[in-house]
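The values are calculated or read from the model by the stated rules, or taken from the named source; none is laboratory data. Just so it is clear, the structure is predicted and the values come from calculations on it, not from any experiment. With ideal geometry, Cβ positions are generated from the backbone for all residues, glycine too; neighbour counts draw on all protein chains shown. Protein only, heavy atoms only, side chains kept; ligands, DNA and RNA dropped before computing areas. Shrake-Rupley method; radii C 1.70, N 1.55, O 1.52, S 1.80 Å.
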Amino acid sequence: MGLDRPHPILVGMLAGILLLLGTAIGLKLQRPPAPPAPVASATTAPVAAATPAQFADVVDRVLPSVVSINAVKVIPGYRHPYADHPLFRHQFGPDLFSAPERKVQSAGTGFIVGSDGKIVTNNHVVQGMEEIAVTLADGRTLPARLRGTDPATDLALLETEANDLPAVAWGSTEPLRVGDWVLAFGSPFSLSSSVSHGIISAKGRKGLGIADYENFLQTDASINPGNSGGPLVNLKGEVVGINTAILSHSGGSQGVGLAVPSEVVREVLTSLEKEGHIERGWMGLFLQPLDPDLSRRIGFTGKEGLLVVGGYRAGPAARAGLELYDVLLGVNGKPVTNMGVLRNLMAETRPGEVLELSLWRQGRAIKVKVPVVARPVDPEGRPLQGI
């Protein structure tokens, strides 16, 4: 009877239950949609994470090429002719007019740049020293002699009687970015084979008064006394600079280390190996930065330049026609914005080259060609000043 024909209410309830079950089952079995693929930024390059293992690999590669340097010079003693006179001895004591011989020591770092025993370091580590010894990573201590120095960039080249030494691999500072990892090697406080790590904090630091020609890499890798002359390397184990100085109120590392870029080091080393010194071009000019008051007085409306305030009458610049109160704007098409830029341009110039100077003179833009010469010396053998 009633069972032959389903009740409409029961049919509706059953359909609803089946619908709900089907929906639940469908939801359970349905795959969630795949997330959209990330869109690569056109301006952001992927950054590889630096790991301690990578640092250790770099250390293994570089440390065999790093040496500790110890240098000594002897300061002669002296004795006044009257030191033994009874009156002087009674009045002033026996030691006032005499002093014993003493030794002055210098310690630093270097690294091997030639398998035949060539080593680079900072000039201030070995300047004026009479005996130089280098201790290799394998523990051998060898005498070294000075092949050549360049005080203007604070670089020196040493030689040892050794062969088959592990030389460093050179890198370029061009691809270096602020924030890239670097490692500093050296012998801080005579603790040889020390390594510290940090990042490139800045590039092209100038005007610090540390060297005549400055274009430093800045790093926060710990650099302390004794690190001078050690290599600064990238994560490929390539030398990108030579640790040279720190800016510090305490005398120790405060996170501002400075290194001479590898390009400058390699160029200077080429000259030191060939000639033992490096000669740079000289124009015989004295210049100073412009300020608003000076610019107003000479009628200069530009924003940047260097004012010619003097020079040697027989110097190359004077013979080429430069005049007082000319404003130097550029050299060989490169803008000159400050004295640091000009010094670095001159550091790349060799005697015999011709420089084209862009000048402002009394409202006119002119160009003058100056054949530069080697820096002359005065009658007492002292180098003449100026650019």
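Descriptive notes on the structure:
- Looking across region 349-368 at every residue that is part of a loop (DSSP other than H, G, I, E, B) and under 19 Å from Thr301 (Cα atoms), the one that is least open to solvent (accessible area, probe 1.4 Å) is identified as Gly363.
- Check on Asp293, among the charged types (D, E, K, R), at pLDDT 90 or above and open to solvent by less than 10 Å² (accessible area, probe 1.4 Å): no
- Residue in region 321-348 that is farthest from the chain's Cα centre (by Cα), counting only those that are surrounded by fewer than 18 Cβ atoms within 10 Å (Cβ to Cβ) and small (Gly, Ala, Ser): Gly321
- Counted residues, region 370-386 - those being part of a strand (DSSP E or B) and exposed (fewer than 12 other Cβ atoms within 10 Å of the Cβ): 2
- Residues located in region 209-250, provided they are surrounded by fewer than 23 Cβ atoms within 10 Å (Cβ to Cβ), of a type in the set (Ser, Thr, Tyr) and under 17 Å from Thr173 (Cβ atoms): Tyr213
- Scanning region 142-169 for residues that are closer than 18 Å to Thr244 by Cα and loosely packed, with under 15 Cβ neighbours inside 10 Å turns up just one, Pro151.
- Strands (runs of 3 or more DSSP E) contained entirely in region 94-148, each with at least 3 residues that are in contact (Cβ under 8 Å) with a residue 12 or more places away in the chain and within 16 Å of Val62 (Cα to Cα): 102-114, 118-122
- Scan of region 296-320 for residues that are within 14 Å of Val370 (Cα to Cα), open to solvent by 40 Å² or more (accessible area, probe 1.4 Å) and aliphatic (A, V, I, L, M), ordered by number: Ala314, Ala318
- Any pair with Cβ under 7 angstrom, 6 or more apart, that starts in region 334-361 at a residue that is of a type in the set (Ser, Thr, Tyr) and ends at one that is part of a loop (DSSP other than H, G, I, E, B): Thr337/Glu304; Thr349/Arg280; Thr349/Val372
- Verdict on Arg266 being touching a residue at least 24 places away in the same chain (Cβ under 8 Å), surrounded by fewer than 16 Cβ atoms within 10 Å (Cβ to Cβ) and in a helix (DSSP H, G or I): yes
- Considering region 50-102, and only residues there that are β-branched (Val, Ile, Thr) and at pLDDT 85 or above, the residue that is surrounded by the most Cβ atoms within 10 Å (Cβ to Cβ) turns out to be Val67.
- Selection within region 200-222 - touching a Leu at 6+ places or on another chain (Cβ under 8 Å) and not in a strand (DSSP E or B): Leu208, Ile210, Glu214, Ala221
- Filter pass, Gly179 being assigned to a loop (DSSP other than H, G, I, E, B), open to solvent by less than 10 Å² (accessible area, probe 1.4 Å) and of a type outside the set (Phe, Trp, Tyr): no
- Whichever residue in region 269-280 is touching a residue at least 12 places away in the same chain (Cβ under 8 Å), of a type in the set (D, E, K, R) and assigned to a helix (DSSP H, G or I) and, among such residues, is least open to solvent (accessible area, probe 1.4 Å): Glu273
- Of everything listed in (1) modelled with pLDDT under 95; (2) touching a helix residue (DSSP H, G or I) at 6+ places or on another chain (Cβ under 7 Å), the single unmet condition for Val120 is (1).
- Verdict on Gly281 being of a type outside the set (Val, Ile, Thr) and under 24 Å from the mean Cα position of the chain (by Cα): yes
- The residues of region 124-158 that are more than 20 Å from the chain's Cα centre (by Cα) and of a type in the set (Asp, Glu), listed by number, are Glu130, Glu131, Asp138.
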